[in-house]
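One structure is given here, and the rest of the page talks about it.
The values are calculated or read from the model by the stated rules, or taken from the named source; none is laboratory data. Computed from a predicted structure; not experimentally measured. Neighbour counts run over all protein chains shown; Cβ positions are idealised from the backbone, glycine included.
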Amino acid sequence: MANLLGSIMSEITSIKGRGAQKALGNKFAQFNYANHQDWSYENAEEKKTKLFFETPKVVVNKVTSPDVPLEYSINPYQGCEHGCVYCYARNSHEYWGFDAGLGFEQNIIVKQKAPDLLRKKFNSRGWKGAPIMLSGNTDCYQPQERKFKLTQALLKVCYEFKNPVGIITKNRLVLRDIEILKALASKYLVDVVLSINSTNELLIRKLEPRTSAYKQRIATIEILAKENIPVSVLISPIIPGLNAIDIPRILKDTANAGANNSGYTVVRLNGKVGVVFEDWIKKEYPKRANKVLNQIKELHGGNLNDSRFKTRMRGEGPWSKAINEQFKLFHKKYFPNPTEFKLNSSLFKNQFTEKQLSLEF
């Protein structure tokens, strides 16, 4: 009996502090994109996080998806130590020559010139002050932000030019920048979204191992709201059979904390993300793995993913309907008068308009 138990435990033992439980191949390896010998990086120790330093020509990306509310995004980092097993951004790491599994969490690309490139963009003749999202791909307040402070510097540039900016994060580190956020908020130039998908701390540690705890995120909302910084909550992703039961409490707790609105998305496991998630759930929750995977497939027409715009974020079928009805019921109960916040683009100034004001922090 003891030998049997030991055998079972050895099969489901997880890699501590990581979401993905194995490395995956890279479909672009044949093009030799994975050779980064010309990059400078820190920490070559095996199984530890390795930092690469990239100097792109631009950092402002045009967003073409109708599912995303803002037209532009900035990603000061590529790859993410948060390690969320469901993260759609894992696939994009292959373009940089890394794998979408452990490679996504262990190889972090740092764009140290991002603030300078943003200033250059704002000073261009064609830029008119459109809202920008931090971040559209990986969390701008992931652990490495404590060291590099790129997000903080980007926010200062946004205030310098009075350019509106939206933030979405799972990390309480956003509170470090409370003063610049207050300055931006005083002119309706910032909107913060806290992403939350479970009240179960054990599940959170398994599902997204290096994010802030549930109680910390609720406290973050409360502090931001008290400082009159617009803050809302995104329940994302909802995974049937795993965290859908948490919808009512998340809505109640975030509303009580002062969030002005809420939304949700359902899980979609595109590309290699499906491989990462399936491996993860079979190791962490072997008894319910097949049930969860089948329910996810029911959301997306028999597949783990649906890439169609306007459908992929909500899914379709009975499970999609059940989730939507539950969300609407409790959203109406706890957010009877939700606030639709609109960022202000009218204050933008650069060298082609008026001499911009500056503020030292």
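Below, the figures for the structure above:
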quantity	calculated
Wholly enclosed helices (runs of 4 or more DSSP H) of region 87-194 bearing at least 3 residues touching a residue at least 24 places away in the same chain (Cβ under 8 Å) and more than 22 Å from R268 (Cβ to Cβ)	114-122, 145-148, 150-161, 178-185
Residue count, region 170-202 (criterion: under 21 Å from L51 (Cβ atoms) and either at pLDDT below 95 or out of contact with any Ser or Thr (no Cβ under 7 Å at 6 or more places or on another chain) (or both))	2
Residue in region 262-321 that is farthest from L203 (Cα to Cα), counting only those that are of a type in the set (F, W, Y) and part of a loop (DSSP other than H, G, I, E, B)	F309
Condition check for Y214: aromatic (F, W, Y) and under 21 Å from P69 (Cα atoms)	no
Unique residue being among the hydrophobic types (A, V, I, L, M, F, W, C), crowded, with 18+ Cβ neighbours inside 10 Å, touching a residue at least 12 places away in the same chain (Cβ under 8 Å) and assigned to a loop (DSSP other than H, G, I, E, B) when the list is A259, A255	A259
Pair list, Cβ under 8 Å, 6 or more apart: region 59-72 residue farther than 25 Å from N123 by Cβ, other residue assigned to a loop (DSSP other than H, G, I, E, B) and among the aliphatic types (A, V, I, L, M)	D67/M313
Selection count where residues are in contact with an Asp or Glu (Cβ under 9 Å, 6 or more places away or on another chain) and not β-branched (V, I, T), scope region 157-173	5
Sole exception among (1) crowded, with 20+ Cβ neighbours inside 10 Å; (2) at pLDDT 95 or above; (3) under 30 Å from W280 (Cβ atoms); (4) not β-branched (V, I, T) for P131, by number	(3)
From K310, K342, K321, residue being charged (D, E, K, R) and closer than 30 Å to R125 by Cβ	K342
Candidate set: region 197-208, residues that are more than 16 Å from the chain's Cα centre (by Cα) and assigned to a loop (DSSP other than H, G, I, E, B); chosen: the one surrounded by the most Cβ atoms within 10 Å (Cβ to Cβ)	T199
Entirely in region 23-81, the strands (runs of 3 or more DSSP E) that have 1 or more residues that are modelled with pLDDT of 50 or more and of a type in the set (F, W, Y)	50-53, 72-74
Hits in region 267-304 - residues which are crowded, with 22+ Cβ neighbours inside 10 Å and more than 21 Å from the chain's Cα centre (by Cα)	L299, H300
Residues of region 322-357 satisfying the condition of being closer than 25 Å to P66 by Cβ and part of a loop (DSSP other than H, G, I, E, B)	F335, P338, T339, E340, F341, K342, L343, N344, S345, S346, F348
Any hit, region 209-231, residues being under 20 Å from N324 (Cβ atoms), free of Cβ contacts under 8 Å to residues at least 60 places away in the same chain and not in a loop (DSSP other than H, G, I, E, B)	no
Any hit, region 293-313, residues being closer than 23 Å to P66 by Cα and among the hydroxyl-bearing types (S, T, Y)	yes
Evaluation of L102 against (1) surrounded by fewer than 22 Cβ atoms within 10 Å (Cβ to Cβ); (2) within 30 Å of V275 (Cβ to Cβ); (3) at pLDDT 95 or above (one fails), failing number	(3)
Any hit, region 275-292, residues being touching a residue at least 12 places away in the same chain (Cβ under 8 Å) and of a type in the set (S, T, N, Q)	no
Qualifying residue in region 279-290 (condition: in contact with a Lys or Arg (Cβ under 9 Å, 6 or more places away or on another chain) and among the β-branched types (V, I, T))	yes
